[in-house]
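In what follows, a single structure is set out as structure tokens and then discussed.
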Amino acid sequence: MNLPLPVVAAPPDLAALLVQRGCDARAVERGRRVAAESGQRLESVLQQLGLVGERDIAAAFAELLQAVVVLPARYPDSLPEAAAAIAPRFLRGARALPLAVEHGVLVVALADPLDRFAADAIAAATGLKVRIEVAVPIELEAALDRLCPVEDAAAQGDAETGADPLEEDAERLKDLASEAPVIRLVNQIIARAVETQASDIHIEPFEDALRVRYRYDGVLHEAESQPPRLAAAITSRIKIMARLDIAERRLPQDGRIRLAVRGQDVDFRVSTVAAMYGETVVLRVLDRSAVVFDYARLGLSERVVERLAQALHLPNGIVLVTGPTGSGKTTTLYTGLLSLNSVTRKVVTVEDPIEYQLRGINQIQVKPQIGLTFASLLRSILRQDPDVIMVGEIRDMETAQIAVQAALTGHLVLSTLHTNSAAASITRLRDMGLEDYLVTAVLRGVLAQRLLRRLCPDCRRPAEAPPGLVERFGLDCSNGPPVLWHAVGCPQCRGTGYRGRQAIAEFLEPNDETTRLVFARADHAAIERAAVAAGMTTMFQAGLEAALAGTTTIEEVVRSIRAEA
């Protein structure tokens, strides 16, 4: 029987469709030339060059073939009975997945909808007519891993030998990490994180599974677990990518990976820590293309931005940004630094670690193992006559004293503290051992912030606030019953009801009354009341305003600020 030859070139209409959908015509033409020279298909070349994303290609194919793009919710929990006649290995190789039988027709998701051989083979195996829907490759791969698992060579080797991963030598770990299935699996885990805009990847070994979780908008979501015997291979592969010591499995290690993922340059900060059943690995995704250093995009209110900008343009003093880990402090500081960056100013930062590289700013990495601490670097930097200094964090008395000295000698110092409110930063500096007169002499402003999840604009639902809630939170009823919005969930927000995050903040600007309270050794509650009386809007109030504006929910405000109302 003569089988149809596989298609080796994209139809000419695809290029025109991509241009119509907003792709750069010159980029498409460049891809066409490379495809002609290399013999590859146009869409493959465009993706490899990072000129077009997978979702754009899928949408163009769907329009070209008058088909539909498969949404993530379309993938079933189990394969239809008709798929029993098809080997999982064939489905993975063809990048095809049966979705359902509808009116006697088998619906099949194909990553390559032009591959008629795969569709004809599935039709022949099942005896059903086949209708093709266009799949986004990364989503199809995730569904295949869930529905059609294939034991890889590395896993089979572990099962046969019964070896304990903790007893394997470095060469064995290198061999495991070099297996093609392991490399493909790690690349897929990383690619999915970037594609779905996750901020962290958590890989955690347990007795019965290797759990993989992604953090979206500050909340962890579990993905497909892997067999526990893959833990050593996956961890070793990530260590090799981050240039860490794969033989060291007892001590924590930190590293960095830089990759081009789906055409995007992305950095990953890697941390490994030994646990009971192996090493837990966390990769923090630092997607430079997804980060925007702009106060408006961060969600800060205009009055907070105005006060912060005034403090940042003072000739000297200390400006602090406070909040827990993951509250966006570094992003806010970077945004402020970029507003100060100019030819007439020398700006220096001391960071641990350097998360994003800022053009025109001297950034220095702390290395405690060789004696480069915040305090020692700060002393050296002062000899270089900077105008603005950013210290990643004031952690101890020595760093605080040198920062104060720098502020007193005419430098503007920016830094962070881990406190729950702006007023608490003053008592925190006091607890470190700074004298009250030094705190009042150098402190120019304190910004405390949190990140709230934004409601998904596609599925949020309004509802009149119940009287009990109005009374509890003191909501404004002057214009009638207040309306609050609630999370629902849809495919656009992965069913969570939230999509993206915004910052809410309070800005404490020292005045005569707060200075008097500092000298009187008052606690942070008294200092906060004085700041509110002077016009400061608290974080909790800013959160309520965001909830009434429909950008978040009351539940999210309480969860993030942990206010006791």
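The values are calculated or read from the model by the stated rules, or taken from the named source; none is laboratory data. Source: prediction; values computed, not measured. As a convention, Cβ positions derive from the backbone with ideal geometry for all residues, glycine included, and neighbour counts pool all protein chains shown. Side chains included, ligands, DNA and RNA excluded: accessible areas come from the protein's heavy atoms. Shrake-Rupley method; radii C 1.70, N 1.55, O 1.52, S 1.80 Å.
Output the residues belonging to the stretch 466-483 that are free of Cβ contacts under 8 Å to residues at least 60 places away in the same chain, over 17 Å from F540 (Cα atoms), open to solvent by less than 90 Å² (accessible area, probe 1.4 Å) and not in a helix (DSSP H, G or I).
P466, C477, S478, G480, P481 - these are the residues of the stretch 466-483 that are free of Cβ contacts under 8 Å to residues at least 60 places away in the same chain, over 17 Å from F540 (Cα atoms), open to solvent by less than 90 Å² (accessible area, probe 1.4 Å) and not in a helix (DSSP H, G or I).
Here is a check on your reading of the model: is L508 touching a strand residue (DSSP E or B) at 6+ places or on another chain (Cβ under 6 Å) and either aliphatic (A, V, I, L, M) or more than 22 Å from R460 (Cα to Cα) (or both)?
So L508 passes the test.
Out of all the residues in the stretch 331-358, which are in contact with a helix residue (DSSP H, G or I) (Cβ under 7 Å, 6 or more places away or on another chain) and part of a loop (DSSP other than H, G, I, E, B)?
Once the filter is applied, which keeps residues that are in contact with a helix residue (DSSP H, G or I) (Cβ under 7 Å, 6 or more places away or on another chain) and part of a loop (DSSP other than H, G, I, E, B), the stretch 331-358 yields E355, Y356, L358.
If I ask for residues that are assigned to a helix (DSSP H, G or I), open to solvent by 10 Å² or more (accessible area, probe 1.4 Å) and in contact (Cβ under 8 Å) with a residue 24 or more places away in the chain, which ones from the stretch 405-422 would you list?
Matches in the stretch 405-422: L408 only.
Checking the structure you have, find out if any residue of the stretch 457-466 is modelled with pLDDT under 85 and among the hydrophobic types (A, V, I, L, M, F, W, C).
Scanning the stretch 457-466 turns up no residue that is modelled with pLDDT under 85 and among the hydrophobic types (A, V, I, L, M, F, W, C).
So, in the stretch 423-457, of the ones that are more than 22 Å from L298 (Cβ to Cβ) and among the charged types (D, E, K, R), which residue ends up surrounded by the most Cβ atoms within 10 Å (Cβ to Cβ)?
Per the criteria, the residue is R428.
Consider the stretch 337-358. How many of its residues are under 21 Å from D287 (Cα atoms), at pLDDT below 90 and β-branched (V, I, T)?
Within the stretch 337-358, residues that are under 21 Å from D287 (Cα atoms), at pLDDT below 90 and β-branched (V, I, T) number 1.
Is at least one residue of the stretch 486-503 closer than 30 Å to L443 by Cα, open to solvent by 70 Å² or more (accessible area, probe 1.4 Å) and outside any helix (DSSP H, G or I)?
So far as the stretch 486-503 goes, yes, one or more of its residues are closer than 30 Å to L443 by Cα, open to solvent by 70 Å² or more (accessible area, probe 1.4 Å) and outside any helix (DSSP H, G or I).
Just need a number here: residues in the stretch 504-515 that are surrounded by 14 or more Cβ atoms within 10 Å (Cβ to Cβ) and not in a loop (DSSP other than H, G, I, E, B).
The total comes to 8.
Using the structure shown, decide if D145 is part of a helix (DSSP H, G or I) and either open to solvent by 30 Å² or more (accessible area, probe 1.4 Å) or in contact (Cβ under 8 Å) with a residue 12 or more places away in the chain (or both).
The answer is yes for D145.
Going by the structure shown, is A58 under 34 Å from the mean Cα position of the chain (by Cα), surrounded by 18 or more Cβ atoms within 10 Å (Cβ to Cβ) and in a helix (DSSP H, G or I)?
Yes; evaluated as a whole, the condition is true for this residue.
Sort out which residues of the stretch 78-93 are open to solvent by 10 Å² or more (accessible area, probe 1.4 Å) and either modelled with pLDDT under 85 or more than 32 Å from the chain's Cα centre (by Cα) (or both), and write them in order of number.
Within the stretch 78-93, P80, E81, A82, A84, A85, I86, A87, P88, R89, F90, R92, G93 qualify.
Can you say whether T537 is polar (S, T, N, Q), within 22 Å of R297 (Cα to Cα) and in contact with a Lys or Arg (Cβ under 6 Å, 6 or more places away or on another chain), as far as the supplied structure shows?
no
Criterion first (open to solvent by less than 80 Å² (accessible area, probe 1.4 Å), outside any helix (DSSP H, G or I) and either in contact with a Pro (Cβ under 8 Å, 6 or more places away or on another chain) or under 21 Å from A124 (Cα atoms) (or both)) does P98 satisfy it?
yes
Only residues in the stretch 355-378 that are within 24 Å of V292 (Cβ to Cβ) count as the first member; pair them with residues that are at pLDDT below 85 and part of a helix (DSSP H, G or I), Cβ under 9 angstrom, at least 6 apart or cross-chain, and list the lot.
Y356/R288; Q357/R288
Output the residues belonging to the stretch 323-334 that are open to solvent by 40 Å² or more (accessible area, probe 1.4 Å) and at positive phi.
Result: G326, single match.
If you go through the stretch 340-358, how many residues are closer than 10 Å to V388 by Cβ and either buried (at least 19 other Cβ atoms within 10 Å of the Cβ) or among the aromatic types (F, W, Y) (or both)?
Of the residues in that region, 3 qualify.
Give the residue that is surrounded by the fewest Cβ atoms within 10 Å (Cβ to Cβ), with candidates limited to residues of the stretch 212-264 that are free of Cβ contacts under 8 Å to residues at least 60 places away in the same chain and among the acidic types (D, E).
E222
Any residue at all in the stretch 516-529 that is within 28 Å of R454 (Cβ to Cβ) and either in a helix (DSSP H, G or I) or at pLDDT below 90 (or both)?
yes
Give me the pairs, please: first residue somewhere in the stretch 531-543 and part of a loop (DSSP other than H, G, I, E, B), second residue anywhere and open to solvent by 60 Å² or more (accessible area, probe 1.4 Å) and hydrophobic (A, V, I, L, M, F, W, C), beta-carbon distance under 7 Å, and either six or more positions apart or on two chains.
Partner pairs satisfying both residue conditions: T538/V532.
I need the full set of residues from the stretch 272-287 which are surrounded by fewer than 16 Cβ atoms within 10 Å (Cβ to Cβ) and assigned to a strand (DSSP E or B), in order please.
If the condition is that a residue be surrounded by fewer than 16 Cβ atoms within 10 Å (Cβ to Cβ) and assigned to a strand (DSSP E or B), then V273, A274, A275 are the ones that fit.
Considering (1) assigned to a loop (DSSP other than H, G, I, E, B); (2) in contact with a Pro (Cβ under 9 Å, 6 or more places away or on another chain), say which one T440 fails and leave the rest.
(1)
Residues to consider are L337, L320; find the one that is over 20 Å from M397 (Cα atoms), touching a strand residue (DSSP E or B) at 6+ places or on another chain (Cβ under 7 Å), in contact (Cβ under 8 Å) with a residue 60 or more places away in the chain and surrounded by 17 or more Cβ atoms within 10 Å (Cβ to Cβ).
After applying the criteria, what remains is L337.
Of the numbered conditions (1) assigned to a helix (DSSP H, G or I); (2) at pLDDT 90 or above; (3) touching a Ser or Thr at 6+ places or on another chain (Cβ under 6 Å), I394 fails exactly one; give the number of that condition.
Looking at each condition in turn, I394 falls short on (1).
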